[in-house]
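*Asks:* The structure that follows is given in the form of structure tokens.
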Amino acid sequence: MSSAAAGNGDAAAPRVHRRHQTQLAIGLILVILVGFTTLFGVYRPLGPPGIDPGWQWAANQAADAGLIFGRDIVFTYGPLAFLMVPLDVSSNLLVANIFFLVVQVVFTIALAALFIRDRHVLAVAVFAILFVIARHQGLAVEGFLPIVVGLLALFGVFADRLLPIGVAAVLAAILLMVKMSLGIASLAILAVASIIARHLFNRHYRLGLGLLFFPATLIVLATILFDHPSTFFQWLELSLQVVSGYSIANSITNAESGPFLQVVVGGIVVAAWFGFLVAVRRDRRLLACNLVFTLVVLIQFRLAFVRHDNHQYQFIPFMLALVAISSFFAHRRRQIIAHVSFFAVILIAGALANLVDPLERGLMPANLISRGSGSQALSRLTHFTETRTELAAESVVNLEPLRFGDDLKELLEGSQNGVGTLPWEIQYCPANGLEWNPTPTLQLYSAYTRDLDLWSAEHYASDDAPQFIINTFSAVGMRRQLFDAPATWRTVFLNYEVRSIGWKPEPALLLERRHAPQQSSFKKVSQGTIVPGGTSKSVPATNELLFADIDLRLNWLGRIQKSVFRVPMVVLVMAHESGHVSVCRLIPGTSGNSLLINRFPRDFRGYRRLWQGVQDDPVVRVAISGDGTSSFRPSATITWRELRIASPTPLSVGDPPRDPPSEPSPGSHLSP
């Protein structure tokens, strides 16, 4: 009997082995398919005119222009920004997409290694389906990269291996140089993973040695990308100022649709993630997975909904991807069902709030292998020469509206110290092959704090300032350059004069640097208080340019809002003598740098006349209004100052030009 049982056991052993081998093969095939079909590839042309294409070109051009972050420029992105938003500048496009490929390979290897340890085919199959859906619904590379850091950290903790932790730390250091918020999110992942390793899995402290790869990589990158250690620390300080100012200066102003519902749905999804964390707390691996990504969820929510500028559409796909990653570690059928249900609820909620559109887009590509994002990315990479040719042709078309006539191009090509652009249309430079001389914050609206504004002002008063500046009167979310960076604008006003006026593709001034700045003096006129949300205040009468320092300070509610989410908008309402009312957003960080009040221009015509020295419909009363007034102290000090200019200089060429036509004429441009 025993020999018969042994014989049956011997006969069953090969079948069990074959079944295990089959499961292993199926799981690995699924993992490889996920890695292939979800590969990221970023191939975009230059242009068209706009804010985002402008800073993206600037981020790619910075290294070639000899600019060093922290010394010359600062932005929300860092010196390796081109890895996130590559353009065909130098070798950036190729390097960035090889970087994406390497990260995808690392992601796939980590998934394969984790599967080989556990061999739960059903969990891998569910993960594969959910992750492909999340990718197709709009998972952005900005959300994917922290997920890779988290997966590597989890692999290191679960397997008690130093190498995955080290690779995660290296990637985190790179991401810090790409974008400050990505670096912060990655550091949060590593910090939580370290705590989990010690207190949840009782791992030895030696596992923490993998974290040393972070400072080691950071030192190597800093040595390459910065001219001095002090420049690196200066960049960190200035970048944190930009990150800190973002939630006040860029909180929602002009969302296209349903911003309140979208924020509510986003908040509910975040709360549901925490509820899900509690529900899986008895499974150590699922708990660890959810804990590792908890701080990242909060960071991504803040980035998505501070300002509805399309970032909100990345949040739901990111959360779907996290649920997919969590399902990879679900070993019981009940856990897998819970993950699928949670995924479906998030997808439906996102669809109801117009944050995803699975009905229009479909759950996944019709032909996943040949028409998915992975196959397209690989095709473009393997046919790189053809890809570059296509992008170059698209760039020519996109930049056409910004091209000048030959006379103006010839004038600007000879500009000493290059050409500047204010407030943000940088692409005049690549469109016309001009040497670019950037404002220190790349685009003026990013000078969120007093120090950033003063830094920009110093640039335009220095010997390194450009000879010519192309200056439009463009607004961004009810923001104007006169209030965004008042010290910078005042410095430009005193050091430059109008060379000509044109309107391609929008009204603009061509400013030329004076041989010497206008002689001027700043005189205090009076001081008082103004109540945010209160009655209006009279503007002191004067024939001089009148400025106001408004000392807006957050109260306890505002400080909490700024730290956790966003501070609602506050605006300055200005009543003109004619009865017209102008409304402009106040940036608390720069409102104390002296805002031009009495001659605040209503439109481009008024802006042009301001430069001509013509007093045009002065402002007579002001008030602070907006949803954010309750976030500030009940009264703000307002100090009035006169700017007395010794000998204002009119336009340097001919008679005052006509106002731009309501419709730009074909081929019109800034003619010298």
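The values are calculated or read from the model by the stated rules, or taken from the named source; none is laboratory data. Just so we're clear, the structure is a prediction, and the values are computed from it rather than from any experiment. Heads up, the Cβs are rebuilt from the backbone with ideal geometry, glycines too, and the neighbour counts pull from every protein chain shown. Side chains are part of the model used for accessible areas, which takes the heavy atoms of the whole protein and leaves out ligands, DNA and RNA. Shrake-Rupley method; radii C 1.70, N 1.55, O 1.52, S 1.80 Å.
Yes/no per residue for (1) open to solvent by less than 70 Å² (accessible area, probe 1.4 Å); (2) touching a Lys or Arg at 6+ places or on another chain (Cβ under 6 Å):
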{"residue": "506", "(1), (2)": "yes, no"}
{"residue": "516", "(1), (2)": "yes, no"}
{"residue": "531", "(1), (2)": "yes, no"}
{"residue": "547", "(1), (2)": "yes, yes"}
{"residue": "554", "(1), (2)": "yes, no"}
{"residue": "560", "(1), (2)": "no, no"}
{"residue": "567", "(1), (2)": "yes, no"}
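*Asks:* Test residue 286 against the criterion of being within 30 Å of residue 203 (Cα to Cα) and open to solvent by less than 10 Å² (accessible area, probe 1.4 Å), and give yes or no.
*Replies:* Numbers: within 30 Å of residue 203 (Cα to Cα): yes; open to solvent by less than 10 Å² (accessible area, probe 1.4 Å): yes.
The answer is yes for residue 286.
*Asks:* Restricting to the range 115-143, what's the tally of residues that are under 19 Å from residue 179 (Cα atoms) and surrounded by fewer than 21 Cβ atoms within 10 Å (Cβ to Cβ)?
*Replies:* 3
*Asks:* Can you name the residue in the range 28-41 that is open to solvent by less than 20 Å² (accessible area, probe 1.4 Å) and not in a helix (DSSP H, G or I) and is also nearest to residue 142 (Cα to Cα) among such residues?
*Replies:* 40
*Asks:* Taking the range 359-368, which residues are touching a helix residue (DSSP H, G or I) at 6+ places or on another chain (Cβ under 9 Å) and modelled with pLDDT of 75 or more?
*Replies:* 359, 361, 362, 363, 364, 365, listed by residue number.
*Asks:* On to the next question. Restricting the range 47-56 to residues that are assigned to a helix (DSSP H, G or I) and of a type outside the set (A, V, I, L, M, F, W, C), which is surrounded by the fewest Cβ atoms within 10 Å (Cβ to Cβ)? Break it down into steps so the answer makes sense when it comes.
*Replies:* The initial filter retains those residues of the range 47-56 that are assigned to a helix (DSSP H, G or I), namely 51-56.
Keeping just the survivors that are of a type outside the set (A, V, I, L, M, F, W, C) gives 52-54, 56.
On the way: 52: 12, 53: 23, 54: 22, 56: 24.
Checked the range 47-56; the qualifying residue surrounded by the fewest Cβ atoms within 10 Å (Cβ to Cβ) is 52.
*Asks:* Please work out if residue 169 is small (Gly, Ala, Ser) and crowded, with 22+ Cβ neighbours inside 10 Å.
*Replies:* Criteria met by residue 169.
*Asks:* Taking the range 478-490 on its own, how many of its residues are out of contact with any Ser or Thr (no Cβ under 8 Å at 6 or more places or on another chain) and either open to solvent by 20 Å² or more (accessible area, probe 1.4 Å) or on the phi > 0 side of the Ramachandran plot (or both)?
*Replies:* 1
*Asks:* Consider the range 98-109. How many of its residues are crowded, with 18+ Cβ neighbours inside 10 Å and more than 10 Å from residue 35 (Cβ to Cβ)?
*Replies:* Residues flagged as crowded, with 18+ Cβ neighbours inside 10 Å and more than 10 Å from residue 35 (Cβ to Cβ) within the range 98-109 amount to 3.
*Asks:* State which residue pairs qualify: first residue farther than 14 Å from residue 593 by Cα and inside the range 632-645, second residue part of a strand (DSSP E or B) and small (Gly, Ala, Ser) in any location, beta carbons under 8 Å apart, and separation of 6 or more residues or different chains.
*Replies:* Pairs found: 644/520; 644/521; 645/520.
*Asks:* Identify the residue in the range 352-371 that is closer than 22 Å to residue 128 by Cβ and under 26 Å from the mean Cα position of the chain (by Cα) and, among all such residues, is most open to solvent (accessible area, probe 1.4 Å).
*Replies:* So, considering only residues that are closer than 22 Å to residue 128 by Cβ and under 26 Å from the mean Cα position of the chain (by Cα), the one most open to solvent (accessible area, probe 1.4 Å) is 361.
*Asks:* Now, a different point. May I ask you to list pairs of residues, at least six apart or on different chains, whose Cβ atoms are under 8 Å apart, with the first in the range 323-339 being hydrophobic (A, V, I, L, M, F, W, C) and the second being in a loop (DSSP other than H, G, I, E, B) and buried (at least 24 other Cβ atoms within 10 Å of the Cβ)?
*Replies:* Filtered contacts from the range 323-339: 325/293; 336/330; 338/330.
*Asks:* From 589, 606, 579, grab the single residue that is more than 27 Å from the chain's Cα centre (by Cα) and within 30 Å of residue 514 (Cα to Cα).
*Replies:* Unique residue meeting the criteria: 606.
*Asks:* Could you look through the range 57-84, keep only residues that are over 19 Å from residue 99 (Cβ atoms) and more than 16 Å from the chain's Cα centre (by Cα), and pick out the one that is surrounded by the fewest Cβ atoms within 10 Å (Cβ to Cβ)?
*Replies:* Per the stated criteria, the residue is 66.
*Asks:* Can you give me the number of residues within the range 123-163 that are acidic (Asp, Glu) and either part of a helix (DSSP H, G or I) or without any contact (Cβ under 8 Å) to a residue 24 or more places away in the chain (or both)?
*Replies:* 1
*Asks:* Moving on. How many of the residues making up the range 490-513 are of a type in the set (Lys, Arg) and at pLDDT 95 or above?
*Replies:* Of the residues in the range 490-513, 2 are of a type in the set (Lys, Arg) and at pLDDT 95 or above.
*Asks:* Among the candidates 617, 655, 659, single out the residue that is assigned to a loop (DSSP other than H, G, I, E, B), in contact with a His (Cβ under 8 Å, 6 or more places away or on another chain) and either closer than 26 Å to residue 476 by Cα or at pLDDT below 95 (or both).
*Replies:* 617
*Asks:* Follow-up. Looking at this structure, is residue 310 among the polar types (S, T, N, Q) and open to solvent by less than 50 Å² (accessible area, probe 1.4 Å)?
*Replies:* no
*Asks:* With respect to residue 323, determine if the residue is in a helix (DSSP H, G or I), crowded, with 24+ Cβ neighbours inside 10 Å, out of contact with any Ser or Thr (no Cβ under 6 Å at 6 or more places or on another chain) and not hydroxyl-bearing (Ser, Thr, Tyr).
*Replies:* For residue 323, the condition - in a helix (DSSP H, G or I), crowded, with 24+ Cβ neighbours inside 10 Å, out of contact with any Ser or Thr (no Cβ under 6 Å at 6 or more places or on another chain) and not hydroxyl-bearing (Ser, Thr, Tyr) - is met.
*Asks:* Ok, one more. Among helices (runs of 4 or more DSSP H) lying entirely in the range 374-477, which contain 3 or more residues that are modelled with pLDDT of 95 or more and open to solvent by 20 Å² or more (accessible area, probe 1.4 Å)?
*Replies:* Details: elements: 384-399, 406-413, 428-432, 450-461.
It comes to 384-399, 450-461.
*Asks:* State which residue is nearest to residue 543 (Cα to Cα) when the search covers only the range 617-628 and only residues that are surrounded by fewer than 19 Cβ atoms within 10 Å (Cβ to Cβ) and not hydrophobic (A, V, I, L, M, F, W, C).
*Replies:* The extreme case among them is 618.
*Asks:* Which of the residues spanning the range 84-114 are among the hydrophobic types (A, V, I, L, M, F, W, C), over 20 Å from residue 182 (Cβ atoms) and assigned to a loop (DSSP other than H, G, I, E, B)?
*Replies:* Hit for the range 84-114 is 89, nothing else.
*Asks:* Return yes or no: is residue 501 over 31 Å from the mean Cα position of the chain (by Cα), of a type in the set (A, V, I, L, M) and surrounded by 19 or more Cβ atoms within 10 Å (Cβ to Cβ)?
*Replies:* So residue 501 fits the description; yes.
*Asks:* A follow-up question, please. Please state which of the following conditions residue 512 fails to meet, knowing it meets all the rest: (1) assigned to a helix (DSSP H, G or I); (2) open to solvent by 10 Å² or more (accessible area, probe 1.4 Å); (3) among the charged types (D, E, K, R).
*Replies:* (1)
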